[in-house]
Structure formats: C-alpha cells, structure tokens
Amino acid sequence: MKRPNLYILLLFFLLLLPFGQTTANGNDSIRLSLLTCAPGEEIYSLFGHTAIRYEDPANGIDAVFNYGLFSFNTPNFIFRFSLGETDYQLGATDYAHFAAEYAFDGRSVWQQTLNLSKEEKAELIRLLQENYRPENRVYRYNFFYDNCATRPRDKIEESIIGKVIYPSEPQDGSRSFRDIVHQYCKGHPWARFGIDLCIGSEADRPITQRQMMFAPFYLMDAFAGARIANDSIQRPLVSDKALIVDAVSDEEEGGWMPTPLQCSLLLFILTAAATIYSLRKRTGLWGVDLVLSGTAGIVGCVLAFLALFSEHPAVSSNFLLLVFHPGQLLFLPYIIYCVRKGKKCWYLTLNLVVLTLFIVLFPLIPQRFDFAVVPLALCLLIRSASNLILTSKKK
C-alpha cells in the first residue's frame, strides 16, 4: 500500500535511545499518533496507507514507522506475490521527508493523536524499536489479514494497559472484502476487473468490523470512536485529530478509455457476427477459436494456479474457473483439429453444457462477478455451439 523508499533514513539511533530515562524524568512531551494517508493512483496505493508517528521534541525526534515497505526489485517478486509469499518490512523515516513525499504525490494525511499514558507510550516505543531490529522487521504480507494497517493497530493494542473497545456499528458483518475493494477501486474499472477475476467466493463472505480494518480509512474511523477500558475507567483512544498534509490530487484528465464491460460487449458483437457468417458459409473459423479459447485458457491457468498454490486466503474457490480454465488451452489443438476436419468434438459439447449452466445460474452462484464476464462467457458458448452445428451438418 505504500511506495518503497529503500531506507531513506535508517534511524538506528531509535534503537539506542534511552526512552526509559525520558519517562523517568517525567517528560510528557512524547506524542504517538496514527497516520492515515489518502489513496494514490497506483494499484498498490488505491486503498491508502497507515503509519505511526513518534514525536519526542526533547530528543529532537520526529519519525514515522511504516509497515508498508517493499521492493519490486526483489528476486521473483511477481511470482512470490502470486504465491502469497511477499515479504514486507517495517521502515523508519524522518517525518518531514514522509510528509513531503505525500504532499508531492497529492495525497493528504490525517493524524490521530493517541491518548496513551506514559507507561503505554514507553511500551509502544519499545515494541516498535524491537520490531525495527533487522532480524524482526521483515514479515509475511497478507493483503486482507496482515498488512500496513493491521500491524500498527495490533502494536497499539498490545501496548495498552486494558482493552480497546471499538464502537459497535449497525453494518458490522454486512460487508465483505469485495465490497471494500469495490469501494476503493471506484474510478479504476480495470483494476476492479482484474481483482475480481482473481479473488474467489471467500471474498464475498460477511466480515466483522475488525476485519474491515485492513483498509486504512476503516481503521481510522474505528479509532475515532474507540475507547480504552481499564477496570471501570474508560478514556478515548484518540485525543485529537488533525489534517497535517492538506494536498490536492493533481489528476490529469486523460483520454477516454473503454471499460471492461464495453470491451467485452464489443468482442461479443464481433464474435456473434463472425459466427453468423461462418454458419451461413458453413465454414469453421478456427482462427477465432484459437484466439478466444487460447486467451481463456491462459487466464484459466493463472486462476487455477492461484486457487491451488497461492497462500492468499481469498483466491481459492473461484467459480470463474467454470469459464476460464486450463482445459480451454490444453484441448485447443484437439478443438482446432476437429473443426478443420469436420469431426464432432466431445469437449465442445461438455464446454457448451458448462457455459450454459454458468450463464443460466449466474445469479445463484455464491460469488459476485464483474458483469463483463457474461459477454466473454457468451463468446465461448456461441463458438462451441457453432462448431457443433457445423460438424453435425457435415455428418
């Protein structure tokens, strides 16, 4: 969720700072805050970002702890990401540089000052310093369950003497991971389409308020109404909120770009027109089948790989494998052979039945799909039906 800075400033002095002496002297000037950053334009920044700010004026410290560092230059990054084996790490940087970067990118930053006691501040600083040690700073990233928003929340909760009570929301449990993904992909239809292809039915299950906190702004809202309960005494978790980087996104108006649904509808119209032509001429269009089935098969191989081998919890049980599956690619030579020789193809019959069931039962399948999938499924369906009609006539 955050662009990597590759250790702009490695604040090793934080590990050596005798903060215990500071608290012992009664210095209460230390302030710890939760920072929430506005979304960016890159796909990995669409959901915003979360960090922890540590201010100690007496020692000249104003640092930001950030659990969102990663590098695209990591060996086999794309492959490891698809397997769910991406390693992120905790970084520390100077606040001035952190704020300047977000201001430059046109992304605002909100600060929520944590209402912690001296002991709780000392414990949170200790946890962050311990976590920042080279042997501890790397962690296995999980987009929904262990990311740059959940890690700060967990460390803050761990430092508190007592229990954090979040406000009960009427909509608690009524939203899903996919709902929140769609919310933050608004205005980015291709990103939404790609994510919808990859995540399966598990992303449509209702989630709790705590699970919603994987998204930084849901975490910020939860912190705003949270209270710390210690015995019979309660106090707000957040004592103050401020907009500390007021940036205006410099959105350049690009040219018109078709949406996935518009593209899939156009493809269906072209495929339908080509199919009508082939039926009238009683000739097979194996070149069209090569492109359509080959592309569907490649997508199916990716989805099958994610479902079988990835550690991402939400990519298994993907019903889109009924439409895009490896069989589209594996049986492609056999399909083309049958089409060219005018022989009946048992695979086309099976594919026709499966695609028909998918389209008919589309509203009943326990997984939400981007509607652009329907015209794509219809393209494959009418090509299977057309080839069966042609081969039956030749017989």
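The values are calculated or read from the model by the stated rules, or taken from the named source; none is laboratory data. What you see is a predicted model, and the numbers here were worked out from it, not measured in a lab. Counting neighbours? That spans all protein chains shown, and the Cβs are built from the backbone with ideal geometry, glycine included. Heads up: the accessible areas ignore ligands, DNA and RNA and are worked out on the full protein's heavy atoms, side chains in. Shrake-Rupley method; radii C 1.70, N 1.55, O 1.52, S 1.80 Å.
Measuring max minus min along each principal axis, the C-alpha atoms of segment 240-330 give extents of 73, 38, 16 Å (largest first).
If one computes P(r) from the Cα atoms of segment 303-395, what percent of pairs lie at distances over 20 Å? Cα-Cα pairs of segment 303-395 separated by over 20 Å account for 43 percent. Of the solvent-accessible surface of segment 279-386, computed with a 1.4 Å probe over protein heavy atoms with every protein chain present, carbon and sulfur atoms account for 72 percent. A 1.4 Å probe run over the protein chains yields, for segment 277-395, 51 Å² of accessible area per residue, whole-number rounding.
Counting charges near residue 289 (Lys, Arg +1; Asp, Glu -1) among other residues having Cβ under 11 Å from its Cβ returns a value of +2.
When the Cα atoms of the chain are aligned to their principal axes, the ranges along those axes come out at 95, 43, 40 Å in descending order. Once you measure Cβ to Cβ distances between cysteines in the chain, which Cys have no partner under 4.7 Å? Cys with no partner Cβ under 4.7 Å: 37, 148, 185, 198, 263, 301, 379. The simple Förster model, with R0 at 41 Å and r as the Cβ-Cβ distance, assigns residue 341 and residue 319 a FRET efficiency of 0.75.
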